[in-house]
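To start, the structure itself, in structure tokens.
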Amino acid sequence: MKKINKYVAFSLILCFGTFILFQGSVGSEEVNIVGSTSIQPVCEDLVEEYRKNHSKSEISVQGGGSNMAIKCVNAGIADIGMCSKQLNKNYEFTEYELGREGIVVAVHPSNNISDLTTSEIKGIFDGNVTNWNQLGGENKPINVFVREEGSGTLDAFKTTVMNKTPILNEAIVLNSQGSIKQSIEQDTSSIGIVSFSYLDENIKAVSVDGTYPSEESIADGSYMIQRPFLLLIKDNSTNETQNFINWLNSSQAKEVLDENRIIRGV
């Protein structure tokens, strides 16, 4: 097909208050993927693997958030939307679930607390529980680390645990999960939330209501703090879009998802 411009900017100020820039062109067979910054690295890895056997495919991936994904796909501006939250209304597009991501409540490895109830976690993060000795731990003030507002990780945690109760004002806000993990490693009084993929021997995950976060407990839903990783597509999607979606069921795609610790349901 004839290409009109090398770079086409879609001005979406009325809908989104921002610009989306897709490197491609109207009328080309490029697949434009936009949305959740949590899913973005996974999608970039998937696209890289896909291109090994589909070298002529043009697929662009960029962030913008889950709400942006919904709006862009709904408006027909993006071919695929990356959404890291459960949709609460019906849209005229199809959901493809890449898998589930567990969200871990993590503390310093030296902390003797290994299990917390949902109510206790809520109490820590809303400021009603301020010292570890209130939970059977040492006499140390609890230092709470969280992501900034708008973070998909924080949104999922607030939905499943906080029940609309605000996070305490004294919580230390950091702009990446890597920063939260590093802070927990260095602070023996700390607690924070990170994605399951960040869990290693340098931080300690606590069980929630007696269930430890693992691939099995996330897959079967018994570990409650988790969120879906969804791809949203229009029913009238292009052939190239559908080819990519179909490829996601391949063994190569599964390897990429496993490497990113994205868990398929049982």
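All of the numbers you see were taken from the coordinates with simple rules; none came from a lab. None of these values were measured; they are calculated from a predicted model. Please note: Cβ atoms are built from the backbone with ideal geometry, for glycine as well, and neighbour counts cover all protein chains shown.
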query = Can you list residues whose amide H is under 5 Å from Ile59's amide H, if they're 5+ apart or on another chain and H is modeled 1.01 Å from N?
reply = Val31
task = May I ask you to derive the FRET efficiency for Asn90 and Ser222 from their Cβ-Cβ distance with R0 = 22 Å, giving the value to the nearest 0.05?
result = 0.20
inquiry  = Could you list Leu199, Leu46 so that the one with the fewest beta carbons within 10 Å of its beta carbon is first and the one with the most is last?
reply    = Leu199, Leu46
note = Kirkwood-based Rg/Rh on the Cα set of the range 70-141 evaluates to 1.23
inquiry  = With angles folded into 0 to 90 degrees, how steeply does helix 177-186 sit against the dominant principal axis of the chain? Use alpha carbons for both and round to 10.
reply    = 20 degrees
Expected 222 nm ellipticity per residue - DSSP helices of 4 or more, -39500 (n - 2.57), all of the chain, to 500 = -7500 deg cm²/dmol
ask   = What does the charge count near Leu135 come to, summing +1 for each Lys or Arg and -1 for each Asp or Glu among other residues with Cβ under 12 Å from its Cβ?
value = -2
ask   = What ranking, highest mean first, results for peptides 207-219, 126-138 when packing means the other Cβ atoms within 10 Å averaged over each residue?
value = 207-219, 126-138
remark   = If His108, His54 are placed from fewest to most neighbouring beta carbons inside 10 Å, the sequence is His54, His108
query = Here are some pairs, Lys85/Lys181; Lys89/Lys234; Lys89/Lys204; Lys158/Lys234; which of them have Cα atoms lying more than 27 Å apart in this structure?
reply = Lys89/Lys204; Lys158/Lys234
ask   = Hey, rough spin-label estimate for Glu48 and Tyr212, points 7 angstrom out along Cα→Cβ, what's it come to in nanometres?
value = 3.1 nm
key: Calculated P(r) tail over 24 Å for the range 29-153, as whole % of Cα pairs   = 48 percent
remark   = Hull surface over four for the Cα convex hull of the chain, reported in nm², is 15.2 nm²
ask   = Based on the Cβ-Cβ distance of Asn169 and Thr118, what FRET efficiency does E = 1/(1 + (r/R0)^6) give at R0 = 22 Å, to the nearest 0.05?
value = 0.50
task = Using a Gaussian network model of the chain whose springs link C-alpha atoms within less than 10 Å, name the residue from Asn67, Asn32, Asn90 with the highest mean-square fluctuation.
result = Asn90
inquiry  = Let me check against my output: what whole-number percent is the relative contact order of the range 101-219, with C-alpha pairs under 8 Å and at least 6 apart?
reply    = 43 percent
task = Can you put Glu170, Glu201 in order of Cβ neighbours within 10 angstrom, beginning with the fewest?
result = Glu201, Glu170
query = What is the distance in Å between the Cα centres of the range 39-61 and the range 208-266?
reply = 16 Å
request  = Would you compute the Debye intensity of the range 101-219 from its alpha-carbon atoms alone, equal scatterers and no solvent, and pass along log10 I(q)/I(0) at q = 0.14, 0.20, 0.21, 0.23 Å⁻¹ to two decimals?
outcome  = -0.50, -1.14, -1.28, -1.62
task = Just need the relative contact order of the chain here, percent rounded to a whole number, with Cα pairs under 8 Å and 6+ apart.
result = 25 percent
ask   = So if we plug the beta-carbon distance of Asp235 and Glu185 into 1/(1 + (r/R0)^6) with R0 = 45 Å, what FRET efficiency do we get, rounded to 0.05?
value = 0.45
